[in-house]
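The values are calculated or read from the model by the stated rules, or taken from the named source; none is laboratory data. Everything numeric in this text was worked out from a predicted model, so none of it was measured. Please note that ligands, DNA and RNA were not included when accessible areas were found on the heavy atoms of the full protein model with its side chains. Shrake-Rupley method; radii C 1.70, N 1.55, O 1.52, S 1.80 Å.
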Amino acid sequence: MTKEEDALRSEVCSAVARLLREERESQVLSMSEVAGRAGISQQMVSYVERGMRVPTIDTFFRLAQAMGLNPVTLLAKTAAPDLGLRSRYRRRAGGHGLIPITN
């Protein structure tokens, strides 16, 4: 993984963590409630929300569904224009890897 790809991965993971926490808090749910509904530990919810662990797709889907959210829609929010992720990177020629756009 290139430095640029690693930076993008980090940004996406941070965005996922922030979105999950914001969604949980907007529904006034405790980490314990979400963990119980998702069938994972409260500690894992905490790690994911703080960006200390990257959830597997399965865990992400469980967390989203535990809050009554569509996981695909929630994931799509991480690439929203306000995060700037789409505009700061582009694919390398041939479609392999990402490079930052410097204007």
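Structure above, values below:
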item: Protein accessible area in region 1-44, 1.4 Å probe - carbon and sulfur %; result: 49
item: Residue-level accessible surface for residue 40, protein heavy atoms, 1.4 Å, Å²; result: 40
